[in-house]
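Have a look at the structure below, then the notes.
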Amino acid sequence: MRVFVTGATGFVGSAVVQDLIAAGHRVTGLARSDAGAAALAAMGAEVHRGSLEDHASLRSGAAAADGVLHLGFNHDFSKFLDNCELDRRAILAIGEELNGSGRPLIVTSGVALLAPGRLATEDDVSAHRFPRVSESTALSLAGVRAAVVRLPPSTHGEGDHGFVPILINLARQKGVSAYVGDGSNRWPAAHRVDAARVYRLALEQGATMKHYHAIAEEGVPFKAIAEVIGRRLGVPVVSKSPEEAAAHFGWFAQFAGADVPTSGAKTRAALGWSPQEKGLIEDLDQPIYFKI
């Protein structure tokens, strides 16, 4: 297949590109810079110059592909609302090109606010209002075979710049590695390489499900994450009450206290997917996560 990938040089996107190429697919990656183009070429992908703001480039990339994987997103949280709107418009532009073609579009979402406090499954639809609407936008596209890969709060591995590095930086700044309450709230997790295979398998099998869960571990206790960070940094590991957590974690408090165990059983069964990489705690307990 010829596959058009946005976010192709990102943390998960680059793993997706490498996995697709290794499986024999022809990959075209979106690149907005010379550095991005060079990185794609080094991976063996074809380069399609453009950006998420350039809807003409998105449509032309999709036009030449047998399927589209949309992983591009600007993770600058200081402009989160603007970036969510940018994402929505990009998905609409790609959808316009794929309308009526039968060619699949697979977009990226998350499970962090899907069903707090209970085990979420692929059948769940989030009842929470959240600015990022990639999932609802894609699945509302008439005439498009759309699906969603939901990633866990910790999609980990070398080069991680997500939630766990945020916790590490907070521990460095505050001098303590904190958790909320007794720290028993759970975060699902998956290694980036395992998550990448979900995108490929879903694409190869025709995106027959609406939601795929790239979940290798259903729920890692948050305290266990804080303990590794504390030991590696040599700082105390402490509990914060919900009120204290708001001051300690700031905007991240909602995620630090979230109990969001998530199943990927239906995804495994449908795709024949079986995670092979390290779990979160083993992966986190390495020097690569604590380089300055």
Restricting attention to the range 249-257, does a residue exist that is surrounded by 22 or more Cβ atoms within 10 Å (Cβ to Cβ) and touching a residue at least 12 places away in the same chain (Cβ under 8 Å)?
yes
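If you take the residues of the range 64-83 that are under 21 Å from the mean Cα position of the chain (by Cα) and surrounded by 17 or more Cβ atoms within 10 Å (Cβ to Cβ), which of them is nearest to LEU151 (Cα to Cα)?
Filtering the range 64-83 for residues that are under 21 Å from the mean Cα position of the chain (by Cα) and surrounded by 17 or more Cβ atoms within 10 Å (Cβ to Cβ), the one nearest to LEU151 (Cα to Cα) comes out as LEU71.
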Say whether the condition of being over 29 Å from ALA22 (Cα atoms) and either surrounded by 16 or more Cβ atoms within 10 Å (Cβ to Cβ) or hydrophobic (A, V, I, L, M, F, W, C) (or both) is met by at least one residue in the range 143-162.
no
Here is a check on your reading of the model: is GLU277 in a loop (DSSP other than H, G, I, E, B), in contact with a strand residue (DSSP E or B) (Cβ under 7 Å, 6 or more places away or on another chain) and of a type outside the set (Lys, Arg)?
yes
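Looking only at the range 234-248, decide whether some residue is within 18 Å of the chain's Cα centre (by Cα), buried (at least 16 other Cβ atoms within 10 Å of the Cβ) and either polar (S, T, N, Q) or outside any helix (DSSP H, G or I) (or both). Before you say what the answer is, go through the steps one by one.
Initial filter on the range 234-248 (within 18 Å of the chain's Cα centre (by Cα)): none.
Taking every residue of the range 234-248 in turn, none turns out to be within 18 Å of the chain's Cα centre (by Cα), buried (at least 16 other Cβ atoms within 10 Å of the Cβ) and either polar (S, T, N, Q) or outside any helix (DSSP H, G or I) (or both).
Quick one: count up the residues across the range 96-107 that are assigned to a helix (DSSP H, G or I) and farther than 18 Å from ALA202 by Cα.
2
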Qualifying strands (runs of 3 or more DSSP E) (wholly inside the range 174-227; at least 2 residues being of a type in the set (Gly, Ala, Ser) and closer than 20 Å to ALA112 by Cα)
186-191
Within the group GLY29, GLY24, GLY61, which residue is of a type outside the set (A, V, I, L, M) and surrounded by fewer than 22 Cβ atoms within 10 Å (Cβ to Cβ)?
GLY24
Restricting to the range 40-68, count the residues that are over 14 Å from ILE21 (Cα atoms) and without any contact (Cβ under 8 Å) to a residue 60 or more places away in the chain.
16
Condition first: more than 17 Å from the chain's Cα centre (by Cα) and either touching a residue at least 24 places away in the same chain (Cβ under 8 Å) or buried (at least 21 other Cβ atoms within 10 Å of the Cβ) (or both). Can you find one or more residues in the range 196-205 that meet it?
yes
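Just so you know, all these numbers are worked out from the coordinates, no wet-lab data involved. Since the model is a prediction, treat every value here as computed from it, not as a measurement. Here Cβ is always computed from backbone atoms with ideal geometry, including for glycine, and neighbour counts include all displayed protein chains.
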